[in-house]
Amino acid sequence: MPSFIDRVVLHVAGGDGGNGCTSVHREKFKPLAGPDGGDGGKGGSVWAEADENTNTLVEYRFVKRYQAKNGEKGHGSDRYGAGADDIVLKMPVGTLIRDLDTDEIVADLTHHGQRVCLAKGGKGGLGNIHFKSSVNRAPKQSTPGEEGETRSLQLELKVLADVGLLGMPNAGKSTLITAVSAARPKIANYPFTTLHPNLGVVRIDENHSFVMADIPGLIEGAAEGAGLGHRFLKHLSRTGLLLHVVDLAPFDEAVNPAEEALAIINELRKYDEELYGKPRWLVLNKLDMLDEEEAQERTTAFLEAIGWDYPKPDDRFQFDMETPRLFQISALTHQGTQELVHQINQYLTEKKRIEAEKAEVEQAAANTEIAEQQPKTDTGVFKPE
């Protein structure tokens with residue numbers, strides 16, 4: 001299995017265009033037959049293409065420069081130079097491409113088959129056939145081919161998922177994604193078992209499914225880079241819903257789950273306000289390790305310590321999209337996981353419906369605005385006098 005690489009620097013260069021040709025046609029009995037120098041061929045371009053079958057940037061870790069070939073020069077007898085072939089670089093869906101020199105975003109590959117030109121090849125030069133005129137019957141000038149573009153780029157992969165799992169190391173995130181999907185990440189009883197994001201498809205039925213992302217555990221100081229946290233936090237930026245997984249039965253009795261949970265929420269806020277503002281549900285895990293009475297006591301104490309004072313969501317008329325939700329589960333024994341995934345599916349379905357309605361209203365408003373800007377026909381001229 002290839003290692004997971006989510007950030008690389010790449011240098012790309014388009015090929016130069018071929019030079020135009022200076023040539024005069026020579027043939028028996030035609031001493032002054034005129035110019036016949038052909039144009040140069042275009043240089044090859046470098047393209048990026050999103051490919052759903054590629055899931056890592058490891059290929060570009062070792063080959064860091066891609067140079068397209070130059071176009072062929074023009075020839076006599078009106079022969080044009082051949083254009084060079086383009087280079088197509090396959091990249092995972094979710095790759096963000098940034099220009100290192102200008103810091104501008106060149107492309108954001110969000111769907112399969114999307115193509116973006118990274119470095120354009122130069123145009124071919126003109127042959128002297130183009131410079132013939134009534135006063136200059138045998139021109140000797142031609143133009144050189146244009147140089148291809150050269151760019152230094154940073155490729156950054158952000159996984160595309162509907163739901164992201166957030167939590168301290170060893171909170172049970174990998175066990176949860178294993179319980180509800182076909183993903184099989186490495187699971188062990190020590191922190192930092194997960195070293196790169198894992199994606200799992202959670203299938204509800206034939207027509208409903210969603211993608212869940214399990215990222216490596218976060219520790220305090222992640223926003224500043226502790227534990228490579230800043231590299232992992234970026235993978236949550238594209239998710240629509242965050243599940244904050246908390247271990248209510250830690251092996252080390254000195255660990256305070258409430259303090260750890262508040263530390264992670266603080267890291268989210270320091271890293272990105274937009275990420276902090278995403279919908280976030282609380283999932284209390286490992287309840288199978290506690291008896292019922294102790295589980296209730298720890299849950300009550302935990303919620304009080306973090307200031308959880310949200311009311312129970314009201315789903316009587318339609319799914320409550322605003323109120324954060326609380327779940328008590330055991331990912332190992334699958335206790336409570338089905339209720340969790342069904343409510344996630346309801347949330348995502350309702351979110352898609354709201355977004356579709358909003359897009360429909362915006363489209364209708366745009367159509368109305370276009371119609372109002374159209375010049376109105378004066379129908380009075382068609383009325384009989």
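The values are calculated or read from the model by the stated rules, or taken from the named source; none is laboratory data. Model, not experiment: these values are computed from the prediction. Reconstructed Cβ throughout: ideal geometry from the backbone, glycine too, with neighbour counts over all protein chains shown.
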From Asp16, Asp99, grab the single residue that is under 30 Å from Ser133 (Cα atoms) and in the same structural domain as Gly148 (by TED's automatic domain parsing). Asp16
Before we move on, is Pro279 out of contact with any Lys or Arg (no Cβ under 8 Å at 6 or more places or on another chain) and more than 23 Å from Gln296 (Cα to Cα)? yes
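Condition check ((1) under 18 Å from Ala171 (Cα atoms); (2) part of a helix (DSSP H, G or I)) across all residues:
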residue: Phe319; (1), (2): no, no
residue: Glu322; (1), (2): no, no
residue: Phe327; (1), (2): yes, no
residue: Leu340; (1), (2): yes, yes
residue: Asn345; (1), (2): no, yes
residue: Glu350; (1), (2): no, yes
residue: Ala356; (1), (2): no, yes
residue: Glu360; (1), (2): no, yes
Tell me the strands (runs of 3 or more DSSP E) entirely within region 1-96 that contain at least 3 residues that are touching a Lys or Arg at 6+ places or on another chain (Cβ under 9 Å) and of a type in the set (Val, Ile, Thr). 7-13
Quick one: which of Leu57, Leu100, Leu10 is surrounded by fewer than 18 Cβ atoms within 10 Å (Cβ to Cβ), at pLDDT below 90 and within 20 Å of Gln154 (Cα to Cα)? Leu100
Cβ pairs under 6 Å, 6+ apart or interchain, first in region 43-68 and farther than 20 Å from Gly17 by Cβ, second in a loop (DSSP other than H, G, I, E, B) and hydrophobic (A, V, I, L, M, F, W, C), ordered by first then second residue, are Ala50/Val93; Ala50/Leu109; Glu52/Val93; Thr56/Phe4; Thr56/Ile5; Leu57/Ile5; Val58/Ile5; Arg61/Ile5
Out of the residues in region 79-91 that are touching a strand residue (DSSP E or B) at 6+ places or on another chain (Cβ under 9 Å) and of a type outside the set (Lys, Arg), state the one that is surrounded by the fewest Cβ atoms within 10 Å (Cβ to Cβ). Val88
Can we say Gly71 is within 23 Å of the chain's Cα centre (by Cα) and buried (at least 20 other Cβ atoms within 10 Å of the Cβ)? no
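To keep it simple, each residue is scored yes or no on (1) exposed (fewer than 13 other Cβ atoms within 10 Å of the Cβ); (2) modelled with pLDDT of 85 or more.
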site	(1), (2)
Ile306	no, no
Phe317	yes, no
Leu332	no, no
Gln338	no, yes
Asn345	no, yes
State whether the residues of region 28-38 include one that is among the aliphatic types (A, V, I, L, M) and crowded, with 24+ Cβ neighbours inside 10 Å. no
Could you tell me whether any residue of region 297-305 is over 20 Å from Val211 (Cβ atoms), among the aromatic types (Phe, Trp, Tyr), in a helix (DSSP H, G or I) and assigned by TED's automatic domain parsing to the domain that holds Leu236? yes
Every residue in region 141-169 that is part of a loop (DSSP other than H, G, I, E, B) and modelled with pLDDT of 85 or more, please. Gln141, Ser142, Thr143, Pro144, Gly145, Glu146, Glu147, Gly148, Glu149
Going residue by residue through region 103-121, is there one that turns out to be farther than 21 Å from Asp16 by Cβ, part of a helix (DSSP H, G or I), of a type outside the set (Val, Ile, Thr) and in contact (Cβ under 8 Å) with a residue 12 or more places away in the chain? no
